[in-house]
Structures are given as C-alpha cells and as structure tokens.
Amino acid sequence: LGIMTALWLLTDWRSGIEAITIGVISSTLFATSAAPGQTIKQFMTGAVIGTVAAYICNFHLLTQAQGFWMLALAVTPTILLASWLTTKSAIAVVGSGIFIVFLMHIGFNSTYNANPVIFINDAIADLLAVLVSGVMYGLIDISSSQWSRRRIASALRGLVVTACRHPSMMKRAQLESAAYDLVQRAGSAQRVADEQDRLVVDWMLSTHEIGHAVITLRALAPMINHPIFLG
C-alpha cells in the first residue's frame, strides 16, 4: 500500500488508484496461503490472460456486438475459461486472476465507451501492483522462515508437556488435531518437498507418538498398584 501510494502521489499517475486497489487485494487475499509467492505467480498469470481477453473483448468483439445475445456471446468464452480453471485446485488462482481483471476492465455501461490509452494504463497498473506484491512476498515470507519453524517446534513440544501435566487428561483426537493445525498453518504440510518442511512434519509425527504414549500411560496409571507408580 505504501509503495503504490507513493508511486501514485509522486508521478501523478491517473491509474495510481487502480494500482493501489489491486495491490491491496493481492497482498491481503493471499496472506494466509501456504505459499504466498507461488500463489501470486498464478494470480499474475491469470491477470495477464484476463488483460489480453479484456482487450480483445473490448476493442474487437464488443465493437461489433448488437443486442444482448451478441454481448453474451462476446464475454462468455472468457467467463467459461475462468470458471473451468477455478474448478481445478492446482490452478484455481489463475481462474480467479482472470475473473478479477477481466470483469474490472470489461466495457459494460449504458453506452459502450472504451479508451485504449486508459485501458492500457489501467492494465499496466494492475500488473505492476501484482508484481510488487510478489516481490514483497518473496522478501517477507514468514511462513517459510526459520523463526516460524522454531515457533512451531516450541508449540509442538508444548503439546507434549500439556499432555503430561494438564489436570484433565488430553484426548488423542485433541492432540492430533492441535498438532496438525499448527503444521497446517505454517504451510509445511503443503511444502513437503522441502527438507526443512519435511523436518517439521517429522516433528508432528513424533509429537503424535510421544503424546499417544503419555495419554495411554496416564489412562493406565490408576489401574497399576506398583509402588513406583503409586509414589
């Protein structure tokens, strides 16, 4: 937001507000993604496709459209493509990028009016904003940092301590759910190809094993009359 606002104010760029809008959308929309940098790349791909589709639709198809049915015929192919892409989990963000950019720039109005200069300026603003978001995610990706992994390791150890010491005995399902949620929020479950993230998943499995053993021992302890356990 600060970078795009400064660019808008310093250059007096007409499309600066467009850049701010898309920059904020792309920065906040994917902040909770497991891999924000990769998500932004897919969104950028969709934005480029949506820009090209909007240009063709605005300046080659809508100029020839007469009536509602020709209007529908002009915009339907892009909408169908974006809808189909959003049904594929691996590339759904590409479809979202097409939708957002295409529908923002399509020339719908009571009277058709499309200015190529304004369109190109707005398209550059969109792509520049997404690019800046991608660069920022590349520089500041907390989810894949060593600090984040240390926090996850500490939280997993805390679960084992809680299983050992909490007055009310922890349930197995509660332990498993809490451990998986920690790893899921860190994004390591989606990046198991990376050695450091595989290590985090190993920590989760170790937490499960140790936690299950502790829960089982605490459940059996009242039934054991051996002096060691009684003491």
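Once the chain from residue 216 to residue 117 is taken as fully extended at 0.36 nm per residue, the excess over their C-alpha distance is 28.6 nm. Accessible surface area normalised per residue over the chain is 60 Å², counting heavy atoms of protein chains with a 1.4 Å rolling probe. Counting 0.36 nm for each residue step from residue 73 to residue 198 and taking away their Cα separation leaves a gain of 40.1 nm. Helices meeting the span-like rule in the chain (full DSSP H runs, Cα extent of at least 18 Å along the helix axis, mean Kyte-Doolittle score of 0.0 or higher): 16-29, 36-56, 68-86, 92-105, 116-139, 195-220. Mean-square fluctuations from a GNM of the chain, with a 10 angstrom spring cutoff on Cα atoms, peak among 220, 159, 131 at 220. Across q = 0.11, 0.12, 0.18 Å⁻¹, the chain modelled as identical point scatterers on its alpha-carbon atoms has Debye log10 I(q)/I(0) values of -0.72, -0.79, -1.21, in the order of the q list.
The values are calculated or read from the model by the stated rules, or taken from the named source; none is laboratory data. Predicted, not measured: the structure shown is a model, and the values here were computed from it. These area figures cover heavy atoms from the full protein model, side chains too; ligands, DNA and RNA do not enter into them. Shrake-Rupley method; radii C 1.70, N 1.55, O 1.52, S 1.80 Å.
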